[in-house]
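Q: Below you will find the structure I want to go over with you.
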Amino acid sequence: MPRFRSERARTLFALLATSLIVGTLILSVLALVVLLRVQQDPEAFFQASHASPATLNQPTPPGIYLENGGLVMRIDPTTGRVRWLYQLDLMKQPDTQLTQADSIVSVSRNTVFVETRTGGVYALDASTGALRWQSDVAGQLDITRTSRAETRGDKVYVAGENAIYALRLSDGSLARTIITRGIREFTLDGDMLYVAGSGTLAAYSLPSGSLHWQAQVQGAQPLTQPHRVGDMLFSVSPSKETSTLYAFDVSTGRVKWQIGQVGEVRDASLAGGVVYAGATGKGITAYAASDGKLFWQSGDIGFTGKAPQVEGAQVYVTGNLAPDETGTSRAHSVFSLATETGRINWVYTPQTRVAIDSVSVQHGKIYVDRENGIDVLDTQGKLLLSARSRGGAQYTAIAVVV
């Protein structure tokens, strides 16, 4: 009997030891899997948490911030790795068209603001992807505009239907509504709010929202987003035949000069006292900001997309307009033009034929928003990095912080 008990004890001990060894191996494998998941696809770890308002004062980490197919993410601008993911509620809406641009993305105060077509405004912690708040106070948003949410003090300003909404940064609650009938685009500059509508440009004083002046131009076409340089505001009245570029006095709204450009100009940009404008399907034109004098006009590059981007001695634009598989006219290349002459420096076309939505430049690197991903180039057009956007949609909303 004692021998039987001794053998039974040894057997139990062996089973227990084996179980402990196997259990340790299983836990080690699970820990490794979790570690790899945190590094590669961390959405499950950040999405359920909520960010503290205290993190508003922390520095915004470098990143390519984007929304694609209902997924918001931060991509490391050096390695291309996804640092965090957040899934918007619009993914659950059956009427969401994931092959269309469904949002506007902007980054400020360690916060990623995502303005969606139907879901209102999301505010995410830029460091972790945790949700700060979500507000639908602005209702249906026009996400085809170029102006983005902007912060001033403890508020963020977003454009809704016939109004500008000032939301509190801490919780997204409504602080103020500024009624602006027919609003299309807006710009914040110091304590002034400039709003472009159908044939009108208006200036409002902040924080009160009182009207300072309002100017009208011929035609009912919505003006593009106004850009301020010195004592002038610049905007465009687009038309498929001939668009009109305007320079307004920033104090009174009086038109200081205007000039017509053949073709549809959807936006313009300013740098170094020069206005750069591209006409869809045509080329780029450079004007003197002071009086509208023509500096140069490039050859036909099949331009399409947003306003030209300027840094240093180069102008970066999207071009080689051609129909995609749906018949929609899209750009397929990025052009670098010389700021002094408009001469082409280089052309970048992805090896795989894909559509390009926009190009932006930050501190000597060019960020190309292409179909299903982001390409990063140097100033000579050399590919430095290619990252997949992961949402599966053709159009991506992007903001870069470096």
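The values are calculated or read from the model by the stated rules, or taken from the named source; none is laboratory data. Only a predicted model underlies this, so the values are computations on that prediction, with no experimental measurement involved. Here the Cβ is made from the backbone with ideal geometry for all residues, glycine too, and neighbour counts use every protein chain on show. Note: areas computed on protein heavy atoms with side chains; ligands, DNA, RNA excluded. Shrake-Rupley method; radii C 1.70, N 1.55, O 1.52, S 1.80 Å.
Q: What list of ³J(HN,Hα) couplings, whole Hz, do you get for region 239-247 from phi and the Karplus terms 6.51, -1.76, 1.60, once you set θ to phi - 60° and write x for glycine and proline?
A: 7, 5, 8, 9, 8, 10, 9, 10, 10
Q: Roughly how many whole Å is it from the C-alpha centroid of region 214-236 to that of region 115-162?
A: 24 Å
Q: Using every alpha carbon pair in region 298-402, what percent of pairs falls into each 5 Å bin from 0 up to the bin containing the largest distance?
A: Binned Cα distances yield the sequence 2, 13, 25, 27, 19, 10, 3, 1.
Q: Over region 203-303, average the accessible area per residue using a 1.4 Å probe and give it in Å², no decimals. Walk me through the numbers before you get to the answer.
A: On the way: 4480 Å² over 101 residues.
Accessible area per residue: 44 Å².
Q: Follow-up. So for each of 254-265, 229-240 I average, over its residues, the number of other beta carbons within 10 Å; can you give me the resulting order with the highest mean first? All intermediate terms of the calculation are to be shown ahead of the outcome.
A: Values: 254-265: 16.5, 229-240: 18.8.
The densest-packed peptide leads the list: 229-240, 254-265.
Q: Name the residues whose placed amide hydrogens come within less than 5 Å of the amide hydrogen of Lys256, ignoring near sequence neighbours (fewer than 5 apart) on the same chain.
A: Ala247, Phe248, Asp249
Q: Over region 160-226, one equal point on each Cα, no solvent: what is log10 I(q)/I(0) by the Debye formula at q = 0.14 Å⁻¹?
A: After summing over all Cα pairs, the log10 values are -0.40.
Q: Taking amide H atoms as placed 1.01 Å from N in the peptide plane, list the residues 5 or more away in sequence, or in a different chain, whose amide H sits under 5 Å from that of Arg184.
A: Counting only residues 5 or more places away or on other chains, the set is Ala196, Gly197.
Q: For a quick check of your reading of the filter: which trypsin sites (Lys or Arg not before Pro) in region 275-316 sit in a DSSP loop and have no more than 14 other Cβ atoms within 10 Å? Please report the intermediate quantities before stating the final value.
A: Details: sites: Lys282, Lys293, Lys306; in loops: Lys282, Lys293, Lys306.
Listed in order of number, the matching sites are Lys293.
Q: Roughly what percent of Cα-Cα pairs across region 209-252 reach past 13 Å? Kindly include the intermediate steps, with their values, before the conclusion.
A: Numbers: 553 of 946 pairs.
Percentage above 13 Å: 58.
Q: Sticking with this one: Whole-Hz Karplus ³J(HN,Hα) for region 62-74, in order, using 6.51 cos²θ - 1.76 cosθ + 1.60 and θ = phi - 60°, x for Gly and Pro?
A: Each residue's phi maps through the Karplus curve to give x, x, 9, 9, 8, 10, 8, x, x, 9, 9, 8, 10 Hz.
Q: Hey, quick one: spin label on Gln216, modelled 7 Å out along Cα-Cβ, who in region 247-276 has an amide N within reach, i.e. under 16 Å?
A: 253-255
Q: Same structure again: With a 1.4 Å probe and every protein chain kept in, tell me what percent of the accessible surface of region 326-402 is carbon plus sulfur.
A: On the way: 1510 of 3350 Å².
On region 326-402, the fraction of accessible area on carbon and sulfur atoms equals 45 percent.
Q: Moving on. Per residue of region 285-293, what does 6.51 cos²θ - 1.76 cosθ + 1.60 with θ = phi - 60° give for ³J(HN,Hα)? Whole Hz please, x for Gly and Pro, Karplus curve as stated.
A: Along region 285-293, the couplings run 10, 10, 10, 6, 5, 6, 9, x, 5 Hz.
Q: Would you grab the residues whose amide H sits under 5 Å from the one on Ala289? Only those 5+ places off in sequence or on another chain, please, with H modelled 1.01 Å from N.
A: So Ala289 has HN proximity to Val274, Val275.
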